[in-house]
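Novice: Handing you this structure, nothing more for now.
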Amino acid sequence: MRSMNWNQLISNCRLGQEHHHEQRHDIRTEFKRDYDRLIFSAPFRRLQNKTQVFPLPGSIFVHNRLTHSLEVASVGTSLGNDVYRMLQDKYGRQLSPMTAEIGQIVATACLAHDMGNPPFGHSGEKAIQTFFTEGKGAYLQERVSGTFWSDITRFDGNANAFRLLTHSFKGRRKGGFAMTYSTLASIVKYPFPSYHATKNKFGFFTSEYDNYVTIAQQLGIPMLRMGNGYDEWARYPLVYLVEAADDICYEIMDLEDAFKLKILSYEETAQLMLAFFDDASRQRILQRINDEELTDVNEKVQYLRACVISLLENECAHTFMDHEEEILAGAFSGSLIDHISERHRTAYKACTVVARQRIYRSRPVLDVELSGYRIMATLMELMIEAIEHPDRYYSQQLIGRVSSQYDIDSPDLETRIMAVIDYIAGMTDVYALDVYQKICGISLPII
C-alpha cells in the first residue's frame, strides 16, 4: 500500500462543485470559506442548545456543544499550525503552498465534529438505536435492506455530521454544504461504513458512501480492506489532530465544569491538573499563581487548565510528527493521546477515571440522560408511526410540523425513515422538549 502524500492530501476542490468555477470577489482561501460557511449556518448555531455533559446552564454557566466546539477549534488551530511548521522544517519547498492552511482546515473540522449529534448527546443516540432494536420499530427490519438496518440501529453522531454536511437535502445545493474535500475528510474519525462497525462507531451512512469514496480517491486515501462487507480506508492524517483537540478539551474542560458545579473540590481539581507536570514545573506554576496574586479559586483552576491544555497540545503536535510516516502509511494505531509520554498519559487517564466515576455518573447528568432518552424515544415512536400511516388525521398533523427540506413524503420507506431521523436528530434539546410536551398534550402553545 502506498503512503499518502501531503500535496495530494490538501485539496481545495469542493464536493458537488468539481466542475463549477465560481468567480470570487474576496481574498479568502477556500478553507476559510469553509470555516465561515459553518460559523454562519443554522446547524452550527443550534449547538448552543445541545447538552455537552451537564444540563444546560441555570445560574452557573457550563459548556454546551457550541462553546465546546469553539474551544476545540481553538486548540485545533494551534495543533494544525504547529504541525505545519514542523512539516515545513522537514520538507521545505517540496510542500504545496496549500499545506499552510492545515491549521484552518483542522479548525473548521473541529467546528463541525459535533454537528451531527442528536439532542441529549449519547442518550439521544441510544434512543434512536434502541427504538429499532428494542422498541416498536423492530418490525421494520423485515422491510428495509440489511445495510440500512445497520445504519439506523448503529446510528452515530459522527456519521450524521458527515451526512449533514454532504447530503443534498431538498432545496439545498448539490453536495450539501459543498465543503472542500480536505475539510470533509478531517471529520471522518472512523473511515468505514456501519456494517463494518463493531462498537456503533462508523464514518458514514450507506447513503453517503459514494461521497466518501469520491473524497478518498481524490485525496489519495488508500483502502486498508475491501470486499465481503469490510470496506475500510486509512484515516485521513488531519483526523488525528481533530481527535486530539477534542480529547484535550472535553477531558480537561469537564473537570473545570465539575469544579464549578461543586462536584469536585478545588483540591481534587488542582491535584488532577498538577499531576501532568514534574516537580520543577509544578513549583513554577504555583509560583506564577502567587506572583499573579490569583486568590480566587476559579481563576486558579482556569490558569491550571490553560497550562494543561498548552502542554497537551504541544505534546500531541510532536507526537504526530514522531509518527508521521506511520500515519501517512495508514499504519498508526490508536489516538495521539495514546502515544504521548507516560507521565502525561497517566495523568490523562486519572482524569478519565474521575470523570467516569464522579462526573458522567453524577445525578444531574443521569437525570438529563433519563429524561432525554424518554423524550427521544417518544418522538421516534410517534413520527415513525405517522410516516407508516400518513392517511390518519393525527399523522397528518405531525407530518405537517416537519420542515420541507426533509423528504418525509417520499414513496420509499427507507427515505421516509431517514427523514424522521434527520428531523429529530437536528433538534436542539430545548426544541425536542418543547415538541414532546406539545404533541403529548403536556403543554399548550401560547400565542
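The values are calculated or read from the model by the stated rules, or taken from the named source; none is laboratory data. Everything quoted here is computed from the prediction, not taken from an experiment. Glycine gets a Cβ as well: all are built from the backbone with ideal geometry, and neighbour counts include every protein chain shown. Just so you know, the surface numbers come from the protein's heavy atoms only, side chains and all, with ligands and any DNA or RNA stripped out. Shrake-Rupley method; radii C 1.70, N 1.55, O 1.52, S 1.80 Å.
Novice: For Val188, which of the numbered conditions (1) in a helix (DSSP H, G or I); (2) surrounded by 21 or more Cβ atoms within 10 Å (Cβ to Cβ); (3) not charged (D, E, K, R) fails to hold?
Specialist: Checking Val188 against (1) in a helix (DSSP H, G or I); (2) surrounded by 21 or more Cβ atoms within 10 Å (Cβ to Cβ); (3) not charged (D, E, K, R), the one that fails is (1).
Novice: Looking at (1) modelled with pLDDT under 95; (2) not in a loop (DSSP other than H, G, I, E, B), can you tell me which one Ala245 breaks?
Specialist: If we test Ala245 against (1) modelled with pLDDT under 95; (2) not in a loop (DSSP other than H, G, I, E, B), just (1) comes out false.
Novice: Still on this structure: So, in segment 297-330, how many residues would count as being open to solvent by 70 Å² or more (accessible area, probe 1.4 Å) and more than 19 Å from Asn81 (Cβ to Cβ)?
Specialist: 4
Novice: State yes or no: is Thr99 touching a helix residue (DSSP H, G or I) at 6+ places or on another chain (Cβ under 7 Å), open to solvent by less than 20 Å² (accessible area, probe 1.4 Å), among the β-branched types (Val, Ile, Thr) and farther than 23 Å from Ser207 by Cα?
Specialist: Yes.
Novice: Moving on. So, in segment 354-369, of the ones that are without any contact (Cβ under 8 Å) to a residue 60 or more places away in the chain and open to solvent by 60 Å² or more (accessible area, probe 1.4 Å), which residue ends up nearest to the chain's Cα centre (by Cα)?
Specialist: Selected residue: Arg356.
Novice: Among the residues of segment 154-162, are any within 18 Å of Cys13 (Cα to Cα) and either at pLDDT below 95 or not β-branched (Val, Ile, Thr) (or both)?
Specialist: The answer is yes; a qualifying residue exists.
Novice: Taking the conditions exactly as written (basic (Lys, Arg) and farther than 18 Å from Val213 by Cβ), does Arg163 satisfy them or not?
Specialist: No; evaluated as a whole, the condition is false for this residue.
Novice: Could you check segment 102-122 and list, in sequence order, the residues that are over 15 Å from Ala244 (Cα atoms), assigned to a helix (DSSP H, G or I) and either at pLDDT 95 or above or open to solvent by less than 10 Å² (accessible area, probe 1.4 Å) (or both)?
Specialist: Within segment 102-122, Gln104, Gly121 qualify.
Novice: On to the next question. I'm trying to understand the selection: among the residues of segment 306-334, which are among the aliphatic types (A, V, I, L, M) and in contact with a helix residue (DSSP H, G or I) (Cβ under 9 Å, 6 or more places away or on another chain)?
Specialist: Val308, Ile309, Leu311, Leu312, Ala317, Met321, Ile327, Leu328, Ala331, listed by residue number.
Novice: What is the one condition in (1) without any contact (Cβ under 8 Å) to a residue 12 or more places away in the chain; (2) in contact with a helix residue (DSSP H, G or I) (Cβ under 7 Å, 6 or more places away or on another chain); (3) charged (D, E, K, R) that Asp412 does not satisfy?
Specialist: For Asp412, the failing item is (2).
Novice: I need the full set of residues from segment 331-353 which are in contact with a Lys or Arg (Cβ under 9 Å, 6 or more places away or on another chain), surrounded by 15 or more Cβ atoms within 10 Å (Cβ to Cβ) and within 20 Å of Phe276 (Cα to Cα), in order please.
Specialist: Ile337, His339
Novice: Turning to a different aspect of this structure: Kindly indicate the residue of segment 255-290 that is out of contact with any helix residue (DSSP H, G or I) (no Cβ under 8 Å at 6 or more places or on another chain) and open to solvent by 70 Å² or more (accessible area, probe 1.4 Å) and also farthest from Leu304 (Cα to Cα) among those meeting that condition.
Specialist: Taking the candidates together, the pick is Lys262.
Novice: Being of a type in the set (Ser, Thr, Tyr), assigned to a helix (DSSP H, G or I) and in contact (Cβ under 8 Å) with a residue 40 or more places away in the chain narrows it down to one residue among Thr99, Thr77; which is it?
Specialist: Of the residues listed, the single one that is of a type in the set (Ser, Thr, Tyr), assigned to a helix (DSSP H, G or I) and in contact (Cβ under 8 Å) with a residue 40 or more places away in the chain is Thr99.
Novice: List the residue pairs whose Cβ atoms are under 7 Å apart, where the first residue sits in segment 431-446 and is modelled with pLDDT of 90 or more, the second is open to solvent by less than 70 Å² (accessible area, probe 1.4 Å) and small (Gly, Ala, Ser), and the two are 6 or more positions apart or on different chains.
Specialist: If the second residue must be open to solvent by less than 70 Å² (accessible area, probe 1.4 Å) and small (Gly, Ala, Ser), the pairs left are Gln437/Ser443.
Novice: If you don't mind, another one. Contact list please: Cβ distance under 7 Å, first residue in segment 261-285 and β-branched (Val, Ile, Thr), second residue outside any helix (DSSP H, G or I), pairs at least six apart or on different chains.
Specialist: So the pair list comes out as Ile263/Ser362; Ile285/Phe277.
Novice: Could you check segment 130-162 and list, in sequence order, the residues that are touching a residue at least 24 places away in the same chain (Cβ under 8 Å), open to solvent by 10 Å² or more (accessible area, probe 1.4 Å) and part of a helix (DSSP H, G or I)?
Specialist: Thr130, Phe131, Lys136, Arg143, Gly146, Thr147, Phe148, Ser150, Thr153, Asn158, Asn160
Novice: Let me ask something else about it. Among (1) without any contact (Cβ under 8 Å) to a residue 40 or more places away in the chain; (2) in contact with a helix residue (DSSP H, G or I) (Cβ under 8 Å, 6 or more places away or on another chain); (3) open to solvent by 30 Å² or more (accessible area, probe 1.4 Å), there is one condition Asn64 misses while meeting the rest; what is its number?
Specialist: Only one criterion in (1) without any contact (Cβ under 8 Å) to a residue 40 or more places away in the chain; (2) in contact with a helix residue (DSSP H, G or I) (Cβ under 8 Å, 6 or more places away or on another chain); (3) open to solvent by 30 Å² or more (accessible area, probe 1.4 Å) is unmet by Asn64, namely (3).
Novice: Another one. Can we say Met321 is over 23 Å from the mean Cα position of the chain (by Cα) and hydrophobic (A, V, I, L, M, F, W, C)?
Specialist: yes
Novice: Whether any residue in segment 229-238 is more than 19 Å from Gly116 (Cα to Cα), among the hydroxyl-bearing types (Ser, Thr, Tyr), touching a residue at least 24 places away in the same chain (Cβ under 8 Å) and surrounded by 23 or more Cβ atoms within 10 Å (Cβ to Cβ) is what I want to check.
Specialist: Yes, the conditions are met somewhere in segment 229-238.
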